[in-house]
Structures are given as structure tokens and as C-alpha cells.
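The values are calculated or read from the model by the stated rules, or taken from the named source; none is laboratory data. Quick caveat, the model's predicted, so the values are computed rather than measured. So basically every Cβ, Gly included, is an ideal-geometry build from the backbone, and we count neighbours across all protein chains shown.
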Amino acid sequence: MATPPRKQLPNSAAPAIDSQPSLKAISAGHLDIGCAVHDTQRLSPKEQQLLLHHFSSITAENVMKPEPIHPEPQRYRFEPVDAMVGFCEQHALKLIGHTLAWHQQSPAWFFETGDDGLSPKHRLSQHIAEVVGRYAGRLHAWDVVNEAVADTAANGEYLRDTPWLRALGEDYLIQTFKEARKADPKARLYYNDYNLERRDKRARALKLLQRLLDAGADVSGVGIQGHWILDQVPFEEIEQSIEQYAALGLEVMFTELDLDVIDRPDCSADLDVQRAYSLEEDLYRDGCPPDVLARQAEQYAQLFQLFRQHPAVTRVTFWGLHDGQSWLNHWPGTRTNHPLLFDRALNPKPAFWQLVG
Ligand code: G3I
């Protein structure tokens, strides 16, 4: 029985936030540094101070997804989004809208012709016109389509079998990009997915991106999510992927970066995978051991060395402001995770110091 790790004590020696080297300042001119934020209205004063000191962009973690923003055919929930847009304008933060077409967190009625006679095609158009149109000119970019490429290709398919694909066929992808562009002539428009660095899925993604570009869809860039596991980061495939996506003339971004310190089934970020963890498997419930944090620091540094080498890489977004906010505390099951640069007390971890060193 491994001895439980020593309790993580608040790092009272951590320098005050404003005296920490700023991540966005040292990356200015080449990389936007972002993080996912669930709701800017729920940030504590210290969280807001940390966010504004280190990050130049935020991605809406949930409030702009189809179901949260459009829960019923004639009802939208714009309040938290209006607040987030205003917050970003007030603090000169770039805002990434996330996301318009996704198989998760989309209401079932989206994909049906309802009593109102609106078909899924019209529902998609109406959703984009209302949501993208409301914030036209105020967002830096949209993750227009999320996770539409098949994880495996058992029967030669290259697209994920989603309700959108079943309702509208492949053309839903072109329609979504074209209507997003019509609703906002300025925003950057991205395709976003996980495992895009893996050779097989990358080939399918390149095929999709080329088809979109050939069809006149204004795709500005590709988001490689980057939900990687400590000691299993595919550095070589990441470098090859940057080069191959950049060759299409696209921005390349790492849009949901985290380094999971606890092994998990090989499914990257497929939310359909769920599993229970025993207490014994909640290895780091009292804190993350120094040797694990040291390896995490080395691997984040190696990633940033890669990102900084390639001019096509324009942004790195961490999927959460600090460990306490990470989705990886809840997926694929509940256990205490430590995947980001700042700990639950909002103190910088070794990975932060390695990046700014
Ligand atoms: O807001 C409701 C709340 O009203 C309700 O009481 C509660 C309990 O059911 O659920 C809350 O919604 C949750 C939402 O997060 C906001 O906290 C959803 O159940 C939960 O499924 C949702 O999880 C998000 C997940 O996407 C699914 O949308 C995670 O926070 C978010 O980090 C994760 O992010 C995704 C990216 O969008 C796409 N790439 C993969 C990445 C990780 O899965």
C-alpha cells in the first residue's frame, strides 16, 4: 500500500499575482495565451486577478454551447454570454465562442422537424443567425464545428456519426461555416477536435479541412485540443501535425490544453466514456507529489518549446484557470486531478515556473 502523499499545504511562499512573470507578456507577439472560463460572473476577485494577469484570451467553456444558450426553440439564454462578452471588452481579452455544431450538449429538438415546421437545416441556420449575429464584430473567433471527425474508420468513413450528420449529411459542415461567416464577417472561424495530432485521425481531419476549403468555407484555423496524459505526450506527432495543418494555410492552435496526472482509458476526450474510480485510485486526493509535478513541468516546457518554434501556432489555451476548475476532476470519473499551471489555492506550480523561467 503506497503511503498517501503528504498533504498539499498552501504555498505561502508564492509571490503575489502581480509580481509573478506574466504568461501573456512573455508570449506577446507570437502566442495568445488563453484559458477556458465557465462563467466570468462567478470568478472570485483572486481568480479574476490571476486571469487578467496571465491570459490574453478566454474560451467560453460552456455558456455558448447549443443547449445552454438555446435551451428551447424560441428561448435563448444570453445573460451569462452578454456578461462574458462585456467582461472581455472591458479587459481587452479575445473571446473564443465555443461551439456552434457539436454532438454533445445539443438539445434533441435541434435534430427534429418540430410542430413549428422548422427542419434541422433551418434550426441550424436560425441558431447561427441568432447567436453569432448577436455578437457579430465582438468575438475574436468561433469554434464553429467541434469534434466532427471519426475517431476510428472501421468502414472507411471519415466523419463521426452524429445527429447532425444523420439529419443533414456531410453538407452540414459547409453550411455551418458559411452561415457563421454570413452572420459575422470578421470573426476567425475554426474547426476544433481532440486527437487531431494522431496520424490516422489527422488524415481524416486534413481530408475534411481540404473539402471545406474547396467548397469555399472560410476556415481560418484548426484547434488541436491537447487533452494529453502525463508521460504519454505524442511530441513527434504534434510537430508533424503543426506542419501538415499549417501547409493548408491554417492557423494552428492548442485549444484545450491539460496534462492529466492520472492515467485514464485511451479515449482522449470522448465524454461518452465514463468510469468509476475507487478511493485507492484517487491517488492525489491530498495533493500531487513533487516528482509528478516535476515531470509535468518538464513536459509542459517541452510542449511550449514546440509551440514557440512554429509561426503557424497562434494560440495556446489551457482548459481551465486552475486545478480546482478542471473538467478532469469529474471525467471519466470523480478523482482529484492536477492538470494545469495553477493549484487549487491559485498558486503557481512548478510547470508555471518552468514556462516563465
Ligand atoms: O449547468 C448545469 C447545471 O445547471 C446542472 O445543475 C449541472 C448538473 O447536471 O450540470 C450543469 O451543466 C454541466 C456543465 O458542464 C456546466 O458545469 C454539464 O452537466 C456538464 O456535462 C458540462 O461538462 C462540460 C463538458 O464539456 C460537456 O459540455 C465541461 O465543463 C467542459 O469542460 C467540457 O469541455 C469539452 C469541450 O467543450 C469540448 N472538448 C472536450 C472538453 C472536455 O470534455
* Residues (touching a helix residue (DSSP H, G or I) at 6+ places or on another chain (Cβ under 6 Å) and of a type in the set (A, V, I, L, M)) located in the stretch 177-211 -> Ala180, Ala183, Leu189, Leu196
* Restricting the stretch 222-247 to residues that are of a type outside the set (Phe, Trp, Tyr) and within 16 Å of the ligand (Cβ to nearest atom), which is surrounded by the fewest Cβ atoms within 10 Å (Cβ to Cβ)? -> Ile229
* To do: Take the stretch 233-272 and flag every residue that is assigned to a loop (DSSP other than H, G, I, E, B), over 26 Å from Phe342 (Cβ atoms) and not hydrophobic (A, V, I, L, M, F, W, C).
  => Gly249, Pro265, Asp266, Asp270, Asp272
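Can you spot a residue in the stretch 302-320 that is among the β-branched types (Val, Ile, Thr) and over 27 Å from Ile242 (Cβ atoms)?
no
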* Asked: Which condition breaks for Asn155 when tested against (1) of a type outside the set (Val, Ile, Thr); (2) closer than 20 Å to Asp270 by Cβ; (3) more than 16 Å from the ligand (Cβ to nearest atom); (4) touching a Lys or Arg at 6+ places or on another chain (Cβ under 9 Å)?
  -> (4)
* In the stretch 313-353, how many are farther than 26 Å from Leu93 by Cβ and in a helix (DSSP H, G or I)? -> 1
* Collect the residues in the stretch 302-312 that are among the aliphatic types (A, V, I, L, M) and either in a helix (DSSP H, G or I) or out of contact with any Asp or Glu (no Cβ under 8 Å at 6 or more places or on another chain) (or both), keeping them in residue-number order. => Leu303, Leu306
* Give Leu118, Leu100 a once-over and let me know the one that is of a type in the set (A, V, I, L, M) and either farther than 22 Å from Glu170 by Cβ or at pLDDT 95 or above (or both). => Leu100
* To do: Can you work out which of the residues in the stretch 35-46 that are within 16 Å of the ligand (Cβ to nearest atom), touching a residue at least 40 places away in the same chain (Cβ under 8 Å) and not in a loop (DSSP other than H, G, I, E, B) is nearest to Lys349 (Cα to Cα)?
  => Cys35
* Structure fact -> Among helices (runs of 4 or more DSSP H) entirely within the stretch 84-194, at least 2 residues that are in contact (Cβ under 8 Å) with a residue 12 or more places away in the chain, of a type in the set (Val, Ile, Thr) and touching a strand residue (DSSP E or B) at 6+ places or on another chain (Cβ under 8 Å) occur in 120-134
* Exclusive hit being among the basic types (Lys, Arg), in contact (Cβ under 8 Å) with a residue 24 or more places away in the chain and surrounded by fewer than 17 Cβ atoms within 10 Å (Cβ to Cβ), set Arg315, Arg264, Arg275 -> Arg275
